[in-house]
Amino acid sequence: MSSFVEEFFRNPAMVGSLIPSSRALTDKVVEPIDFATARCIVEYGPGTGVFTDILVARRRAETTIVLIETNRRFAALLQERYAGQPSVHIIHGSADETGEYLKRLGIGEVDYVVCGLPFSSLPRKLGWRRKRQTAHHIIYFTDT
């Protein structure tokens with residue numbers, strides 16, 4: 001958790017919270033996901049992997065998980081943490097490039113998008129671009 005706190009103080013607008021989400025919140029957010037049928041789940045702003053841990057634990061082996069993280073330090077942490085997990089892709093980049101990332105991975109459809117981005121603290125134009133990127137997906141926001 002110390003890296004989470006450090007990153008928050010370095011860039012609070014991009015990290016969005018001083019502490020990671022609680023287990024109760026993560027359970028509530030992923031509750032609507034049908035893990036038995038989900039083929040692809042994208043997570044925006046996975047941070048240190050609080051939601052990711054649940055997604056990886058509950059998914060079917062063939063379910064692809066794509067993590068898109070702008071913070072270089074968090075992306076490296078995620079790479080290390082999920083290195084041995086099949087079909088988990090960590091992308092150090094921006095959610096507004098999701099379509100391009102999915103194309104490169106050969107993914108045509110996304111079943112769910114879990115969003116931990118701090119939309120309320122992002123510049124308005126950037127927040128809307130990211131929301132538009134997934135307009136046709138089911139999105140679960142954590143900062144509403």
Could you please give the count of residues in the stretch 59-73 that are touching a Lys or Arg at 6+ places or on another chain (Cβ under 8 Å), surrounded by fewer than 21 Cβ atoms within 10 Å (Cβ to Cβ) and not in a loop (DSSP other than H, G, I, E, B)? 1
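Would you be able to say whether some residue in the stretch 100-112 is aromatic (Phe, Trp, Tyr), modelled with pLDDT of 90 or more and touching a Cys at 6+ places or on another chain (Cβ under 9 Å)? I'd like the intermediate steps shown before the answer.
Residues of the stretch 100-112 aromatic (Phe, Trp, Tyr): 101, 112.
Within this subset, residues satisfying the condition of being modelled with pLDDT of 90 or more are 101, 112.
Right, trim to touching a Cys at 6+ places or on another chain (Cβ under 9 Å) and you get 112.
The answer is yes, given that some residue of the stretch 100-112 is aromatic (Phe, Trp, Tyr), modelled with pLDDT of 90 or more and touching a Cys at 6+ places or on another chain (Cβ under 9 Å).
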Run Ser87 past the list (1) modelled with pLDDT of 50 or more; (2) at negative phi and report the number of the one that doesn't hold. (2)
Can you name the residue in the stretch 1-46 that is under 21 Å from Asn71 (Cα atoms), assigned to a strand (DSSP E or B) and of a type outside the set (Asp, Glu) and, of all such residues, is modelled with the lowest pLDDT? Tyr44
Any residue in the stretch 46-75 that is under 24 Å from Gly106 (Cα atoms) sitting within a Cβ distance under 6 Å of a residue that is of a type in the set (Asp, Glu) and part of a loop (DSSP other than H, G, I, E, B)? List the pairs, counting only those 6 or more apart or interchain. none
Val56 fails exactly one of the following numbered conditions: (1) of a type in the set (A, V, I, L, M); (2) within 22 Å of Thr37 (Cα to Cα); (3) not in a helix (DSSP H, G or I). What is the number of that condition? (3)
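The values are calculated or read from the model by the stated rules, or taken from the named source; none is laboratory data. The shown structure was predicted, so the numbers you read here are calculated from the model rather than taken from an experiment. Here Cβ is always computed from backbone atoms with ideal geometry, including for glycine, and neighbour counts include all displayed protein chains.
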